[in-house]
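First up is the structure itself, then whatever we jot down about it.
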Amino acid sequence: MIEFKYSIFISFLIFILMIIEYTLLVPALKETTFYLGLLITLLPLSLIYFAIREKRDKVNFGFISFNEGLRTGIIITFTTAIIIVFITYIYFEIINKGMTLRLSKEVEHILISSSTPRESIDKTMEFIELNYDLQSRISNNLLLIIIAGSGISALCSSMLKKSQRKQNTYIAK
């Protein structure tokens, strides 16, 4: 099915970008990385457009209704959300256990070496501990993927809908 193929591909992209965010961007950019992480999650969801277009062109012979396109996008969105929840759990609990603690220590060391004021360091540390632990990552990813994916699905479905022309029933005498 087209939906599952795109769900797996989108989930893989989000996972790779998530690892890049945690290993390279968070220690370097401080709090702004959180917003970059939101963008990282949204970009792969734009592939929903190509999934709906592929379904329209290859499966439905060039025609697709708004409802069918929306259904395709919603299936991709929810499947991707479920896969990302499992991947995030496995990453935080098995692959990189204790990542939040190591990440906060690394950021604190970088901030201390750059002569950042202590109150700014404390705010940044609190921000990292609140936004980069397992529960907040799962809930943030789940909410973001479902809301953004639903919106992107509706937008793409309205852009790509194409219905068959009705037969003219006029009979000439």
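The values are calculated or read from the model by the stated rules, or taken from the named source; none is laboratory data. Remember, it's a predicted structure, so these values are computed and weren't measured experimentally. Glycine gets a Cβ as well: all are built from the backbone with ideal geometry, and neighbour counts include every protein chain shown.
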* Considering residues of the stretch 52-75 that are of a type outside the set (A, V, I, L, M) and in contact with an Asp or Glu (Cβ under 8 Å, 6 or more places away or on another chain) only, the residue farthest from SER7 (Cα to Cα) -> ASN60
* **Every residue from the stretch 121-149 that is surrounded by fewer than 17 Cβ atoms within 10 Å (Cβ to Cβ) and among the hydroxyl-bearing types (Ser, Thr, Tyr)** => SER136, SER139
* Structure fact -> Scanning the stretch 76-104 for residues that are at pLDDT below 85, surrounded by 14 or more Cβ atoms within 10 Å (Cβ to Cβ), out of contact with any Asp or Glu (no Cβ under 8 Å at 6 or more places or on another chain) and not hydrophobic (A, V, I, L, M, F, W, C) gives ASN96
* Some residue of the stretch 63-73 being at pLDDT below 90 and either under 30 Å from MET159 (Cα atoms) or buried (at least 19 other Cβ atoms within 10 Å of the Cβ) (or both) -> yes
* **When residues of the stretch 17-35 are limited to those that are modelled with pLDDT of 75 or more, within 17 Å of ASN140 (Cα to Cα) and among the aliphatic types (A, V, I, L, M), the one surrounded by the fewest Cβ atoms within 10 Å (Cβ to Cβ)** => ILE19
* Pairs, first closer than 14 Å to THR23 by Cα in the stretch 93-122, second polar (S, T, N, Q), C-beta under 8 Å, six or more apart -> VAL107/THR124
* Give, as residue ranges, the helices (runs of 4 or more DSSP H) completely inside the stretch 71-173 that count at least 1 residues that are in contact with a strand residue (DSSP E or B) (Cβ under 9 Å, 6 or more places away or on another chain). => 134-160
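Of the residues PHE50, PHE127, PHE61, only one is within 19 Å of ALA148 (Cα to Cα) and not charged (D, E, K, R); which?
Answer to the selection: PHE50.
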